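Written below as structure tokens is the structure these notes are about.
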Amino acid sequence: GKTIEVTTGMTFVLDRVTGKPLFPIEERPVPQGGLPGEWLSPTQPFPVKPEPLVPTSITPDDAWGFTFWDKAQCRKKIEALRSEGIYTPPSAGAGTLLTPGSAGGANWGGAAFDPDRQLMIVNVNRVAQALQMIPRAEIPGIEGISLANGTDVAAATGTPYGTHRDWLLSPLGAPCTAPPWGELVAVDLADGSIRWRVPLGSIEKQLPIPIEWNLGTPNLGGPAVTAGGLIFIGATM
């Protein structure tokens with residue numbers, strides 16, 4: 001039997017009895033320079049196979065927009081954030097770019113498994129977030145998730161900071177990263193390859209004119225696969 005973890009967009013496939021990886025895993029250097037008092041591991045595990053299901057780094061050159069204008073605004077947003085790939089530490093000030101965001105990668109819906117074809121079917125998000133740590137003195141009295149200065153802030157009680165997360169969006173309200181913004185992916189767990197990937201969701205109901213446009217959407221909720229190989233999913237916007 002196998003056990004699988006894909007929240008970060010990376011797929012770790014392990015023997016569920018022995019815990020032994022079925023594909024090689026490497027320890028690779030990751031960004032350092034956390035908040036005062038933090039200790040960060042110099043390395044993190046990365047599977048050699050399968051390949052990441054979502055982008056694990058974003059640069060200003062990756063900015064996307066419907067027009068040259070909103071693409072330029074997205075580029076400015078990305079340039080202002082600390083962005084050194086996955087495991088970039090949270091930061092105060094301008095903040096850190098998270099890719100994947102806190103909704104994944106894959107989210108709580110999890111993956112489906114087709115034992116006959118040895119396929120893992122999983123829906124993923126491809127929308128980045130901006131994360132900003134706010135000193136406790138600037139958010140007095142905040143508990144749970146509340147509004148402070150017009151901004152959603154998670155209190156992170158017991159720490160020196162509150163946490164503000166926001167989707168990385170253009171002035172037109174679209175993600176600053178290229179579509180598809182949501183996908184359904186099939187991973188071959190026998191050889192670690194990506195068998196197929198398709199956009200998941202249409203943005204037609206977000207457009208002023210209802211035109212079917214399958215750019216994918218953020219999604220929450222997992223798929224189900226039948227014995228005949230038919231996949232059901234209803235997780236899109």
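Taking the accessible area of the chain, probe 1.4 Å, and keeping the other protein chains in place, the carbon and sulfur fraction comes to 57%.
Ranking TRP69, PRO47, SER57 by Cα position along the charge dipole of the range 1-70, where only Lys, Arg, Asp and Glu carry charges on their C-beta atoms, puts PRO47 farthest toward the positive end. Modelled spin-label separation between VAL17 and VAL198, with each label point placed 7 Å from Cα along the Cα-to-Cβ direction: 3.6 nm.
Comparing LEU200, LEU131, LEU40 in a Gaussian network model of the chain where C-alpha atoms under 10 Å apart are linked, the largest mean-square fluctuation is found at LEU40.
Taken as Cα centroids, the range 1-67 and the range 69-114 sit 13 Å apart, rounded to the nearest whole angstrom.
Show me 59-69, 181-191, 15-25 ranked by packing, highest mean number of other Cβ atoms within 10 Å first. Don't skip to the end; give the middle numbers.
On the way: 59-69: 13.5, 181-191: 20.1, 15-25: 11.5.
Ranked by mean Cβ neighbours within 10 Å, highest first: 181-191, 59-69, 15-25.
Amide H contacts of ILE25: VAL48, each under 5 Å away and 5 or more positions distant or on a separate chain (H built 1.01 Å from N in the peptide plane; Pro and chain starts excluded).
Between ALA128, ALA106, ALA80, where does the largest GNM mean-square fluctuation fall for the chain, given springs only between Cα atoms within less than 10 Å? The residue that fluctuates most here is ALA80.
What is the local net charge at TYR161, summed over the other residues whose Cβ is closer than 13 Å to its Cβ (Lys, Arg +1; Asp, Glu -1)? Numbers along the way, then the final one.
On the way: positive: ARG136, ARG165; negative: GLU38, GLU138.
Net local charge, TYR161 excluded: 0.
By the rule of a C-alpha distance below 21 Å, with chain neighbours fewer than 8 residues away ignored, the lysines paired with LYS20 are LYS2, LYS49.
Entry note, the chain: the mean residue ellipticity at 222 nm calculated from DSSP H runs of n ≥ 4, each adding -39500 (n - 2.57), is -1500 deg cm²/dmol after division by the residues and rounding to the nearest 500.
Here the Karplus relation 6.51 cos²θ - 1.76 cosθ + 1.60, evaluated at θ = phi - 60°, turns the backbone of the range 168-182 into coupling constants of 7, 10, 7, x, 8, x, 9, x, 7, 10, 5, x, x, 8, x Hz, with x for every Gly and Pro.
With θ taken as phi - 60° and the Karplus curve 6.51 cos²θ - 1.76 cosθ + 1.60 applied, the whole-hertz 3J(HN,Hα) list for the range 46-63 is 10, x, 6, 9, x, 5, x, 7, 9, x, 10, 7, 9, 10, x, 5, 8, 4 Hz, x standing for glycine and proline. Spin-label model, ALA80 to GLU27: label points 7 Å out along the Cα-to-beta-carbon direction sit 3.9 nm apart. For helix 68-80, report the angle its Cα long axis makes with the longest principal axis of the Cα atoms of the chain; keep it between 0 and 90° and round to the nearest 10°. Compared with the principal axis, the helix lies near 80 degrees.
The values are calculated or read from the model by the stated rules, or taken from the named source; none is laboratory data. All values derive from a computational prediction rather than experimental measurement. Ideal geometry is used to build each Cβ from the backbone, glycine not excepted, and the neighbour counts take in all protein chains shown. Side chains included, ligands, DNA and RNA excluded: accessible areas come from the protein's heavy atoms. Shrake-Rupley method; radii C 1.70, N 1.55, O 1.52, S 1.80 Å.
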